[in-house]
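The values are calculated or read from the model by the stated rules, or taken from the named source; none is laboratory data. The model shown is predicted, which means the values in this text are computed figures rather than measured ones. Methodologically, a virtual Cβ is constructed for each residue, glycine included, from the backbone with ideal geometry; neighbour enumeration extends over all protein chains shown. For accessibility, only protein heavy atoms count, side chains too; no ligands or nucleic acids. Shrake-Rupley method; radii C 1.70, N 1.55, O 1.52, S 1.80 Å.
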Amino acid sequence: MTTRQQVALLRVLAFYLTALVLLLVAGSALQYTLGLAGVVVSQLLIFVALPLVFTLAVEKRPVRPFLRLRMLSLRGVGRAVVLGLIGWLAAQLMGAVLVLLVQQMGGQMVQTYQILLDAGSTLALLVGALVPAFCEELSFRGYVLGALRPLGPGAAVVLTGLLFGALHLSLVRLIPLTLLGMLWALAVQRSGSILPGMIMHLINNGTALLLTFFVQDRATPAELQGLEMLPDTAVWGSMMMLTLAAAGLSALAYSLAAGFSPRHLARPVEAEVEWDWQAEGRTEPVPAPEALAAADGDVELQRLAAELAVLRRRRRRMLSAASLLTGGLTLSIYLWAVLQELATVFG
């Protein structure tokens with residue numbers, strides 16, 4: 001890993017750890033004291049203000065190209081809507097498999113939308129679907145995906161999805177959320193616009209909430225109990241079929257996401273700004289001090305070259321140590337939350 005890649009990874013981990021701590025401390029406090037209003041305030045402070053600060057103060061880049069704030073054409077919007085529906089269905093099938101697996105192991109999933117369910121459908125859709133679709137996308141498919149550019153397109157998509165999935169502090173939902181995060185990141189990366197991620201995020205959360213309201217209002221306890229009394233053979237067979245269906249839909253979704261391109265922008269010429277920005281900071285290759293010293297035979301230059309090499313190695317070691325420390329703290333928080341989840345599910 002090059003020094004530039006180490007710096008990019010450390011910045012993203014620092015951003016992620018900061019957002020995670022603020023979410024657990026300030027976000028929980030705001031939600032406890034202000035209810036739904038606190039949820040909105042915490043989303044704006046953590047997932048909008050923080051990426052803007054990191055973009056301007058840490059990356060020192062203009063906000064619009066860095067966060068890919070560009071409009072889509074109608075064709076692009078339609079493609080994002082179709083992708084959002086397919087991705088949502090694939091994630092729901094994967095989630096159903098995980099719920100059945102948890103039940104087979106003696107656990108019971110908890111309701112994750114309870115505060116939204118208590119608020120009413122219209123307000124819940126605004127808070128649970130529209131707000132995260134805008135705020136969280138600015139953080140992940142905006143700042144995180146942009147800051148990870150030096151690692152390459154594939155690594156940036158995978159890490160963005162993994163960090164997004166882990167932010168929800170759930171082991172049971174990690175796989176579907178990570179795959180959704182990767183799908184949205186791929187569409188944003190290919191198109192050059194953050195809007196596909198926002199549209200697909202909105203569809204995913206909005207559809208899930210609408211169906212949750214529908215089931216809560218229409219399903220009876222007897223019907224729900226009947227679903228849990230299926231024989232084991234039927235449950236495992238259902239899990240197998242759901243897994244195959246989810247895999248097929250996921251493959252279709254990723255092929256469609258890979259089909260995004262700057263042609264789906266409302267003004268494709270703006271894509272040139274992105275490519276020019278990516279070329280910034282890359283200077284013409286210059287001979288290493290060691291090569292200059294060897295060529296000139298200058299003893300003093302050789303000494304300076306050796307000192308520079310030592311400084312470079314020290315910097316790389318410091319960057320590695322800082323990344324390990326930041327990543328270790330983040331992983332510790334995630335594991336703590338996972339243990340809490342498992343205690344609740346299997347308690």
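Can you say whether Phe134 is at pLDDT 85 or above, of a type outside the set (Ser, Thr, Tyr) and surrounded by fewer than 19 Cβ atoms within 10 Å (Cβ to Cβ), as far as the supplied structure shows?
Criteria met by Phe134.
From the list Ala247, Ala234, pick out the single residue that is exposed (fewer than 15 other Cβ atoms within 10 Å of the Cβ) and at pLDDT 90 or above.
Unique residue meeting the criteria: Ala247.
Give me the pairs, please: first residue somewhere in the range 315-337 and open to solvent by less than 30 Å² (accessible area, probe 1.4 Å), second residue anywhere and acidic (Asp, Glu), beta-carbon distance under 7 Å, and either six or more positions apart or on two chains.
Filtered contacts from the range 315-337: no entries.
Could you identify the single residue in Val127, Val97, Val102, Val158 that is in contact (Cβ under 8 Å) with a residue 12 or more places away in the chain and either under 28 Å from Ala14 (Cβ atoms) or surrounded by fewer than 16 Cβ atoms within 10 Å (Cβ to Cβ) (or both)?
None of the other options fit; the residue is Val158.
Report those helices (runs of 4 or more DSSP H) wholly inside the range 13-74 carrying at least 3 residues which are modelled with pLDDT under 90.
28-34, 36-44
For Thr122, are the conditions met, namely being open to solvent by 50 Å² or more (accessible area, probe 1.4 Å), modelled with pLDDT under 95 and touching a His at 6+ places or on another chain (Cβ under 9 Å)?
Taking the combined requirement at face value, the residue does not satisfy it.
Using beta carbons and a limit of 7 Å, which pairs, at least six apart or on different chains, have the first residue in the range 53-76 and under 15 Å from Ala14 (Cβ atoms) and of a type in the set (Ser, Thr, Tyr) and the second one at pLDDT below 95 and open to solvent by 10 Å² or more (accessible area, probe 1.4 Å)?
As it stands, the answer is Thr55/Arg61; Thr55/Val63, since those pairs meet every condition given.
Can you tell me which residues in the range 1-12 are in a helix (DSSP H, G or I) and of a type in the set (Val, Ile, Thr)?
Residues satisfying the conditions are Thr3, Val7, Val12.
If you go through the range 4-31, how many residues are open to solvent by 40 Å² or more (accessible area, probe 1.4 Å), in contact with a helix residue (DSSP H, G or I) (Cβ under 7 Å, 6 or more places away or on another chain) and not hydrophobic (A, V, I, L, M, F, W, C)?
Counting residues in the range 4-31 that are open to solvent by 40 Å² or more (accessible area, probe 1.4 Å), in contact with a helix residue (DSSP H, G or I) (Cβ under 7 Å, 6 or more places away or on another chain) and not hydrophobic (A, V, I, L, M, F, W, C) gives 5.
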